[in-house]
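Following: one structure in structure tokens, then a few remarks.
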Amino acid sequence: MRCKEAKMLISNYLANEVTTEEKRQLEDHLRGCEDCQKFLSEIKRLLDALKEDTISLPSDMGGLPERLAYRLLKEEARPKWSFRSFVSGLTLATAICILIFFSFKPFKSTRPTIESIPQVLCLEEGYPEFETEDLEAALVQGLEEYLEIYEGGWGYEEI
Amino acid sequence: MDEDLRIISRFRSGDIEAFSELVRKYQNGVYSFILRMVGSEADAQDLTQQVFIRAFKGLKGFRGKGLFRTWLFRIATNVYRSHSKNSPLFSNSGLDNVRQECFEEKVILKEQRQVLRRLISQLPYKQRLTLILKVYHELTFSEIAQVLDCSIGTVKANFHFALNRIREEWPRDEM
Amino acid sequence: MKKFSILIFVIAFLASGVFAQPKEKDFYKRFEMIRLWLLTDELNLTEAQATKVFPIIKKYNEKKKGLFQQRNQLVNDFREKFKKGKITEEDIGQLLKSWEEIRIKEIRIDKEEFKELSSVLSKEQQARYLLFKMRFPHEIRKILKQMRQRKALKEK
């Protein structure tokens, strides 16, 4: 093995990503080559120095799962069509006219809509707890059982 | 069955809070990866959330052929790429918050870290990515090849070139 | 030898849990997301508030769920006895007593929950939360009604 090849392999060797044969050849070469030994030693010290540099999550990122849930829930509540995206395609003058017109009408609402429920509940991921392949049937069944827990015992059953 | 696949299977069975377990397991890794790539803490926080949101929404597309970790880092790489198209070059400012014990050691280590981080930030994109994923996240070359969508040979070469380049620029008295 | 390997295979197959008890259908956690979703909007929660509020609400929901199930069981048992004409005065007294005990526990849980939330929510948000709690089953019924209407329209 020549020095050029050996040096190419040294990084992989230190990362434990060489084949048994490559390892054997490299170790053979290193035994007789001071220059490559020095190279290996420098790369090893570099790797050690790099590894010492650790980063951890800042404290104000605590509760990441809750932040994600919040963002997802907020996204689902927003209507898919937005005034902003509509306006960006128009000229400024037209945009101003429409802005004036629409400012008199409350057209944008963040109130949760029923269409978003499957996404909020991740029902698209599958719903084996309901023994039905119909999305809406699963939703209705789930809501009924959920309501039953809250109001339960009082139900709709007539005596 | 792989631990992550077990969690995903529970998620698909209705336990949507199982996803939180995946978040807690990988949040540090994703955040530190993104931070090393973008340099700004504020950007890294926002992009980390984006990564997990994309992962959550795309989870039904995850077939379990490769590791979940590889798939997640691929998403992180894509999120980084979308972000870097629209934003200024890497800034080192966010990487300065380091906690240590001894003051002297603090100063020396901090300087050393800053030098190394600057050198990493100057690497070409694929070399930088390969180095970070290998050294800090211990992905195998095979996984890195999947993340970068290239051959293992390319990954090996990039790793070597990255280390060699830093070695050449690193101040001699540090060695 | 062949019998032995078949035996090993069968044991492994059984141990894999294929014939294990079916998992309890846990849809409750999933549907609690609706509650969080409506609440996020109703209280106009910020992201920072959500990180503190969500775990608190989830914790107390779990506690309440246990009580709801107890209450439902009691009422169902009572109803069954009533249908069979077997209710005694003692049963009525017992139901009232158990009912009272459960209500006391529920109120205690509500108070604990509010104590924890008061450090995170504004007074207005706390008030909205109280009103939301009262209204919540009604909100679910509204959603159910809409879902059933949509279903009926589709089937036409």
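Read-outs throughout are calculated quantities, based only on the coordinates presented, and are distinct from any laboratory measurement. The shown structure was predicted, so the numbers you read here are calculated from the model rather than taken from an experiment. Reconstructed Cβ throughout: ideal geometry from the backbone, glycine too, with neighbour counts over all protein chains shown.
Key figures for this structure:
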| read-out | value |
| --- | --- |
| Cα-projected label distance for A:Glu136 with B:Asp149, points at 7 Å along beta-carbon direction, nm | 3.9 nm |
| Helix runs (DSSP H) in chain B reaching 27 Å along axis by Cα, Kyte-Doolittle at least 0.0 | B:18-38 |
| Gained length - C:Arg141 relative to C:Glu62, 0.36 nm times residue gap less alpha-carbon distance | 26.3 nm |
| R0 of 51 Å, Cβ-Cβ distance B:Ser9-B:Glu111: FRET efficiency to nearest 0.05 | 0.60 |
| Distance violations [Cα-Cα > 18 Å] among A:Lys51/B:Lys134; A:Lys7/A:Lys44; B:Lys85/B:Lys126; C:Lys59/C:Lys97; C:Lys63/C:Lys111; B:Lys60/C:Lys65 | C:Lys59/C:Lys97; B:Lys60/C:Lys65 |
| Pair C:Asp41, C:Ser118: separation of 7 Å Cα→Cβ label points (nm) | 3.0 nm |
| Inter-site label distance for B:Asn78 and A:Glu148 at 7 Å from Cα along Cβ, in nm | 4.0 nm |
| Linear extension gain, C:Lys151 paired with C:Lys84, 0.36 nm per residue minus alpha-carbon span | 20.5 nm |
| Efficiency of FRET between A:Glu52 and C:Lys29 - r from beta-carbon atoms, R0 51 angstrom, step 0.05 | 0.75 |
| Rule-of-thumb Rg ratio for region B:1-89 [Cα; 2.2 N^0.38 Å; N residues] | 1.11 |
| Choice from B:Thr77, B:Thr154, B:Thr130 with maximal GNM fluctuation in chain B (Cα, 10 Å cutoff) | B:Thr154 |
| For region C:39-155, size of Cβ-based charge dipole, Lys and Arg +1, Asp and Glu -1, in debye | 500 debye |
| Electrostatic dipole magnitude of chain B [Cβ: Lys, Arg +1; Asp, Glu -1; Cα centre; debye, to 20] | 740 debye |
| Tail beyond 14 Å, pair distance distribution of region A:3-52 (Cα, percent) | 48 percent |
